[in-house]
Amino acid sequence: MAMKTENGSKAYGGGGMLHFRDDTWRYKGGVADADFNIDFYTSGRLLPETRVAVNLTGLGSFQQVSRRIGDRDMFVSAQWIYSDLDPRLQDAAQRPLFDDLDFEQVNSGLGLSLEYDSRDNPFTPSRGYFLLAQGNAYMPAIGSDVTFQSYRIHGYGYWPVGRHLVLGARTDLRHADGDVPFYPLPYIDLRGIASARYQDDTAGVLESELRWNITPRWAGIGFIGAGRAWGSRSSFDDAYTAVSKGVGVRYQIARRLGLYVGADYAWGPEDETVIVQMGSAWR
C-alpha cells in the first residue's frame, strides 16, 4: 500500500486478509508508516474555534484474529491496535491550546469484537450484511502512554434492486472515554469531510449509496451521508449536522474476487475532494 494526498500527507505499508480451515479462522492485519498533515479544530466553547495545523509522523499497526461461531456467519475476534505517533504543531504558539497528554506518543490497546458477516465478498459486495460491535482498552500495562477506552458499533447492508442496481446503507457510531489525546478522538467519517474536522467524545454517521452496473465491468455510483459529533464540546441537540454527497465510477479489475477500483468526487460543508478507491469505500 502507498498513498499521497494533495496536502502532503503520505503513507506506505502492507497487510493481508487470510482465511483458514474452511473459513473457521480469519486473520486481518497490517502495518504502515505514516506522515499525515491534518487540521484539528478546538472546541470553541470558551474561546473562538481555532484551526490548528498538525503533523503526525510514525508507525501504526492493526492485528486481528477471528473465530467463526459454529456454522453461523458470526465471528468473535481479538485485536491489538498500536500506534507510535509524534504530534507536531506547525505553529508552536498554539501549544497552550492543548494538554500534555495530547502529545503522548504511544497508544497500545487490546480489544474484543463480535461481528456478523454475510456479504457475498469482502471487497465490493452486492448483497448481504456486515455488523460489528467492538471495544478496546488502552493502558500502560500493554505499552500505552495513556489510558482510555474506545467503542464502536457499525454496520452496512447491500440489496440488489432489479438486474443492474445495488442499494447500500451504512451506520457508524464511535465513542471514546478516558484520557484521550486529540488525534484518536471520534470524528465524522464521511467522504467529502476532512478527517478530524468534526470531533468529540461521540460521533455518528448515516450514509447511503446506489451503484448502477452499467456493463459487466463498469459501474457508476451516487452517495449521500450525514453525521454529528457530540459530548464534551456540545450536546447531541446542539451539535452541527455535517452533510456530504458525491458521485463515482468503478471498474471491476478482478472478476473472481468481485473487486472494483475507481474514484469518487465528493463535497461536504467546506470542501470537495477526489478519492481513489480500491474495493468498497466503507470499512
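Looking only at residues that are under 20 Å from LYS245 (Cα atoms) and open to solvent by 50 Å² or more (accessible area, probe 1.4 Å) in segment 169-192, which one is nearest to the chain's Cα centre (by Cα)?
Step one: list which residues in segment 169-192 are under 20 Å from LYS245 (Cα atoms), which gives 169-173, 187-192.
Keeping just the survivors that are open to solvent by 50 Å² or more (accessible area, probe 1.4 Å) gives 171, 173, 187, 189.
Working: THR171: 12, LEU173: 11, TYR187: 9, ASP189: 6 Å.
Filtering segment 169-192 for residues that are under 20 Å from LYS245 (Cα atoms) and open to solvent by 50 Å² or more (accessible area, probe 1.4 Å), the one nearest to the chain's Cα centre (by Cα) comes out as ASP189.
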Restrict the check to segment 192-199 and report whether at least one residue is hydrophobic (A, V, I, L, M, F, W, C) and touching a Ser or Thr at 6+ places or on another chain (Cβ under 6 Å).
yes
All-but-one check, THR171 against (1) in contact with a helix residue (DSSP H, G or I) (Cβ under 9 Å, 6 or more places away or on another chain); (2) farther than 24 Å from ASP99 by Cβ, failing number (1)
If I go through segment 263-283 residue by residue, how many of them are open to solvent by less than 90 Å² (accessible area, probe 1.4 Å) and either in contact (Cβ under 8 Å) with a residue 40 or more places away in the chain or within 17 Å of the chain's Cα centre (by Cα) (or both)?
12
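Rundown of residues vs (1) in a loop (DSSP other than H, G, I, E, B); (2) open to solvent by less than 70 Å² (accessible area, probe 1.4 Å), yes/no style:
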{"site": "ASN7", "(1), (2)": "yes, no"}
{"site": "TYR27", "(1), (2)": "no, yes"}
{"site": "GLY30", "(1), (2)": "no, yes"}
{"site": "ASP33", "(1), (2)": "no, yes"}
{"site": "ILE38", "(1), (2)": "no, yes"}
{"site": "SER43", "(1), (2)": "yes, yes"}
{"site": "PRO48", "(1), (2)": "yes, no"}
{"site": "ALA53", "(1), (2)": "no, yes"}
{"site": "ARG67", "(1), (2)": "no, no"}
Residue that is surrounded by the fewest Cβ atoms within 10 Å (Cβ to Cβ), among those in segment 69-85 that are in contact (Cβ under 8 Å) with a residue 12 or more places away in the chain and among the small types (Gly, Ala, Ser)
ALA78
Among (1) within 21 Å of TYR129 (Cβ to Cβ); (2) β-branched (Val, Ile, Thr); (3) under 21 Å from the mean Cα position of the chain (by Cα), ILE69 falls short only on (3)
Which of the residues spanning segment 139-168 are in a strand (DSSP E or B) and open to solvent by 40 Å² or more (accessible area, probe 1.4 Å)?
GLN149, TYR151, ARG152, ILE153, TRP159, PRO160, VAL161, LEU165, LEU167
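Only one residue in ALA281, ALA266, ALA176 is assigned to a loop (DSSP other than H, G, I, E, B), hydrophobic (A, V, I, L, M, F, W, C) and touching a strand residue (DSSP E or B) at 6+ places or on another chain (Cβ under 8 Å), so which one is that?
ALA281
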If a residue must be touching a Phe, Trp or Tyr at 6+ places or on another chain (Cβ under 9 Å) and open to solvent by 70 Å² or more (accessible area, probe 1.4 Å), how many such residues does segment 98-123 contain?
5
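The values are calculated or read from the model by the stated rules, or taken from the named source; none is laboratory data. Bear in mind the structure is a predicted one, so any value in this text is a computation, not a measurement. Glycine also receives a Cβ, built like all others from the backbone with ideal geometry; neighbour counts cover every protein chain displayed. Ligands, DNA and RNA are excluded from the accessible area calculation, which covers all protein heavy atoms including side chains. Shrake-Rupley method; radii C 1.70, N 1.55, O 1.52, S 1.80 Å.
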